[in-house]
Amino acid sequence: MYLEQEDLKKILNIGIELSTEKDRNRLLASILERGMEITHCDASTLYLYENDMLTFKIMKTLSMGISRGTDGRAIEDMPPVPLKEENVCAYTAIHRDIANIPDVYNSERFDFSGPMQYDLLTGYHTRSMLVIPLENSENELVGVLQLINAMDAEGNVIPFDEQYNIIIRSLGSMAAVELTNLTYMEELQMQQYSFVEALTTVLDERTPYNASHTRNVEKYAALLAYYISEMHKKGECEEDFDSARKEKLQLAALLHDIGKMVVPLSVMNRATRLDKDICKVDARFELLKAFYEIDLLRGRITEEEYRAAVSDLDSELEFIHKIDSMGYLDDQSHEHVCRLAQKQHVKEDGTVTKYITDEEAHHLSIRRGTLTAEERQEMENHVVMTEKILSKVRFHKKFAMVPKWAASHHEFLDGSGYPKHLTGEELDLETRILTVADIYDALTATDRPYKEAIPREKAIGILRSMAEEGKLELQLVNWLAEALEQVEA
């Protein structure tokens, strides 16, 4: 028996096919199916070497319409094969040798009780068998390919021709090398993700006020990407997110705030304008009351002046507590802080105690939020640090854009964002998605001490207003709203 020209073409094309396949399940299925094509056999089983045993991965029998494991699902009703000499597959794995059995029912070389029992249960008749070890370029065992019932041109079961031994072994070697390479790539990718997860965990553990933000941004970004893909399928959007593009977006989402690791906790965790310093103010005001009482006892002030001073202290302290947690400071309150900053007590020896320090006055004068301009700049610098940190990481070429997307999530379409004031033409879709997801979570987050969570409808309204101002892409905001409605319906 000689190989026909068509078979030779198949063998050449198989090498190309295996070397370009990047999906593990398809690669495994291709190894099995191409082996069946070359040898013109009816059935085959592919085992992988795992935990010192051979695990069933794919089974296929053409005459019975059986195909299992090609979708990656485990074949759970078939127990792994232990490495014992009497089993033909185990033998080939142990000795890295080919086993070509013309007729399993008339062979005493191996224990074929398993195939015979299978035949009894299914009505199938196993006859010829060719079993080949799969070894990679480092002579490591990857698995075993078992081919069953070679067929002639008329469909009769015949023994496997000896010429197939070397051909299928070559196929097995090519397949094993590609499977090993794919495994290496998967391990490197898992290592990359575990590194990202470790960094994200460190960031989340730094502050209780930001613990879920990173993963929420990843969730909303992935939701938007999925919705865009669904719109693409309907012909309503030119953009599309396959699994690879979505994976890159999610990685950028996980890394988008990594620069916050260098932001001081005194800035990250500032819940109110004075935050923990409010306790110092409380203590100082008690001290001031004691000073005025001493002044009264020593005759420096009258009873009426003492009561007025204490009443003023109580009033001012109440005002401080009121504005400490206010979201916005109006003009009247701002002027009040300025007057308060001038109040002081002077002891007999000339020692001056101000009601509030210059730094406290600076913080209480903040118009919006809890951070001063200097602290806000320090916080905004986290995107610069994100870019700086990620520039030290050597990303695989397919993830080359991840650092750029992550470091640009505070940029706006109109150039009013930071840190580089990029405009819409300079921002990839992935960056624009991250920006919308980031702001949405910031608005709806329930773990921010300086603000209450905003309902979804109001948050979407704010995003739409920002889009009308030219900062965000309105279509993305609308798609996020629609996607959230579907999820929360």
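Ranking VAL262, MET231, ALA252 by Cα position along the charge dipole of segment 207-272, where only Lys, Arg, Asp and Glu carry charges on their C-beta atoms, puts VAL262 farthest toward the positive end.
In segment 86-163, taking the dipole from charged Cβ atoms about the Cα centre, the farthest positive-side position among PRO159, ASN87, GLY123 is held by GLY123.
Go through segment 158-171 residue by residue and turn each phi into a ³J(HN,Hα) via Karplus (6.51, -1.76, 1.60, θ = phi - 60°); whole Hz please, and just put x for glycine and proline. Values, residue by residue: 9, x, 6, 5, 4, 5, 6, 3, 6, 5, 5, 5, 5, 4 Hz. Using a cut-off of 20 Å between Cα atoms, the listed pairs LYS260/LYS420; LYS276/LYS388; LYS289/LYS347 include LYS276/LYS388 as exceeding that distance. With helices as the sole contributors, the chain gives -17000 deg cm²/dmol at 222 nm; each DSSP H run of n ≥ 4 counts as -39500 (n - 2.57), and the sum is divided by every residue. Between the Cα long axis of helix 213-233 and the first principal axis of the chain there is an angle of about 50°, rounded to the nearest 10.
The chymotrypsin sites (Phe, Trp or Tyr not before Pro) of segment 40-81 include none that DSSP puts in a loop with a beta carbon having at most 12 other beta carbons within 10 Å. Share of carbon and sulfur in the accessible area of the chain stands at 51%, probe radius 1.4 Å.
What angle, in degrees between 0 and 90 and rounded to the nearest 10, separates the Cα long axis of helix 456-468 from the longest principal axis of the Cα atoms of the chain? Approximately 80 degrees, to the nearest ten. Relative to its Kirkwood radius, the Cα radius of gyration of segment 294-341 gives an Rg/Rh of 1.15. In a simple Cβ point-charge model (Lys, Arg +1; Asp, Glu -1; nothing else charged), the chain has a dipole of about 700 debye relative to its Cα centre. A simple charge model with +1 on the Cβ of Lys and Arg, -1 on the Cβ of Asp and Glu and nothing else charged puts the dipole of segment 318-458 at about 560 debye relative to its Cα centre. The amide H of VAL142, built 1.01 Å from its N in the peptide plane, has LEU134, GLU135, ASN136 as neighbours under 5 Å, considering only residues 5 or more places off or on other chains.
The angle between the Cα long axis of helix 429-444 and the longest principal axis of the Cα atoms of the chain comes to about 50 degrees, rounded to the nearest 10.
The values are calculated or read from the model by the stated rules, or taken from the named source; none is laboratory data. Not measured: the values here are computed from a predicted model. Positions of Cβ are backbone-derived with ideal geometry, glycine not excepted, and every protein chain shown enters the neighbour counts. The protein model used for the area step is the full one, side chains on, heavy atoms only, and it has no ligands, DNA or RNA in it. Shrake-Rupley method; radii C 1.70, N 1.55, O 1.52, S 1.80 Å.
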